[in-house]
Amino acid sequence: MLVERAEAAVPGFHLTRGNASTLAAICRRLDGLPLALELAAPWLRLLTPDELLGHLERRLELLVAGPHDLPARQRTLRATVRWSYDLVPLPARVLLRRLSVFAGGASLDGLAAVCQAAGALPGGPVRHLAQLVDHSLVQRVEVDSGESRVTMLESIREYGRELLVEAGEVRQPVSDLPRAPGARFYGRPRLVVAGSHPGTGLEAGSTYELQTPVTLLGRGTDCDLRLVDPGVSRHHSELRVEDEQVVLVDLGSTNGTFVNGQPVRRVALKDGTNVTLGRTTLVFRQDTGY
């Protein structure tokens, strides 16, 4: 559908070997939603496919120029998501906002833990989760272990994250903070738990997204990402957003900070880098390639 709409909107545009993989990535980034693809295609008059893919980091701001003969709720991607969001009761909306902190979905236990920490919902989260499933705002999938996980389309997750920031329930992600003129900071940098021992307070596969220009990691209760791990110092290390990169700095920890198995004092992180503190291994992720 994207190619068809692009060919209609952009004279001379065609699917080629050179742009096929990027166009496929655009379709994946937009969850294959017909409205999103239709709104994205005209941008190819101005942007190359690679440039368009990069701008889709903030798709709700970009995809806003739908046909005027459509109902108002179908003219922008944000309006379409908001219309569906407004159909569910208030507790289910709160649950959807809280679900948006998870990248890649959440287990029912992980969701319950977040809800417990943020404030209990009347009747518990499962009851309201069913309402979100009924309105196609989230999906339930079963993983190989037989465990249920709850996922949502990235377009809906972005809207939920915006609402969390507006409500003051989370801090603004560093990707959304104003940058110096000409600076580029893409990819929503985050840490994914690859492995941890029981009792550390972290669930394998869970994600922590960087929320401030400086993120403190350690065992202390004042840390941005707390690791309840005897091998981790109170203030173990920190992540600093410096221009276009994220830098990991060891703060004089007792047992050291390791990147891909090597001890480090200061190093710029790349997507896929393994960071080990004590018995906890985290993978730094930052969407790149555009």
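The values are calculated or read from the model by the stated rules, or taken from the named source; none is laboratory data. Values in this document were obtained by computation on a predicted structure and should not be read as measured data. Quick reminder, even Gly has a Cβ in these numbers, built from the backbone with ideal geometry, and neighbours come from all protein chains shown. Calculation scope for accessible area: heavy atoms of the full protein, side chains included, ligands and nucleic acids excluded. Shrake-Rupley method; radii C 1.70, N 1.55, O 1.52, S 1.80 Å.
Count of the stretch 216-244 residues, restricted to those that are out of contact with any strand residue (DSSP E or B) (no Cβ under 8 Å at 6 or more places or on another chain) and touching a residue at least 40 places away in the same chain (Cβ under 8 Å), is 3. Can you tell me which of (1) in contact with a helix residue (DSSP H, G or I) (Cβ under 7 Å, 6 or more places away or on another chain); (2) open to solvent by 60 Å² or more (accessible area, probe 1.4 Å) is the one Thr221 doesn't meet? Here Thr221 clears every test but (1).
A count restricted to the stretch 233-290 and to residues that are of a type outside the set (Asp, Glu), within 30 Å of Leu56 (Cα to Cα) and assigned to a loop (DSSP other than H, G, I, E, B) stands at 8.
Conditions tested, residue by residue: (1) in contact (Cβ under 8 Å) with a residue 24 or more places away in the chain; (2) not small (Gly, Ala, Ser).
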| position | (1), (2) |
| --- | --- |
| Val10 | yes, yes |
| Phe13 | yes, yes |
| Ala20 | no, no |
| Leu23 | yes, yes |
| His55 | no, yes |
| Val64 | yes, yes |
| Ala92 | yes, no |
| Val101 | yes, yes |
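So, in the stretch 63-106, how many residues would count as being part of a helix (DSSP H, G or I) and either at pLDDT 80 or above or under 23 Å from the mean Cα position of the chain (by Cα) (or both)? The qualifying residues number 20. Against the numbered list (1) among the hydrophobic types (A, V, I, L, M, F, W, C); (2) modelled with pLDDT of 90 or more; (3) surrounded by 19 or more Cβ atoms within 10 Å (Cβ to Cβ), Leu227 comes up short only at (2).
If you go through the stretch 18-51 and keep only what is among the polar types (S, T, N, Q), open to solvent by 50 Å² or more (accessible area, probe 1.4 Å) and not in a helix (DSSP H, G or I), you end up with just Thr48. For the stretch 3-17, the tally of residues that are open to solvent by less than 100 Å² (accessible area, probe 1.4 Å) and either under 18 Å from Leu46 (Cβ atoms) or touching a Phe, Trp or Tyr at 6+ places or on another chain (Cβ under 7 Å) (or both) stands at 9. In the stretch 202-219, is there at least one residue being part of a loop (DSSP other than H, G, I, E, B), at pLDDT below 80 and touching a Ser or Thr at 6+ places or on another chain (Cβ under 6 Å)? Yes; the residues of the stretch 202-219 include at least one that is part of a loop (DSSP other than H, G, I, E, B), at pLDDT below 80 and touching a Ser or Thr at 6+ places or on another chain (Cβ under 6 Å). If you go through the stretch 128-147 and keep only what is of a type outside the set (A, V, I, L, M) and either part of a helix (DSSP H, G or I) or farther than 26 Å from Arg188 by Cα (or both), you end up with His128, Gln131, Asp134, His135, Glu142, Asp144, Ser145, Gly146, Glu147. Looking only at residues of the stretch 153-178 that are modelled with pLDDT of 85 or more and among the hydrophobic types (A, V, I, L, M, F, W, C), we find that the one that is least open to solvent (accessible area, probe 1.4 Å) is Ile156. Looking only at the stretch 245-282, residues that are more than 25 Å from the chain's Cα centre (by Cα), on the phi > 0 side of the Ramachandran plot and surrounded by fewer than 16 Cβ atoms within 10 Å (Cβ to Cβ) come to 2 in all.
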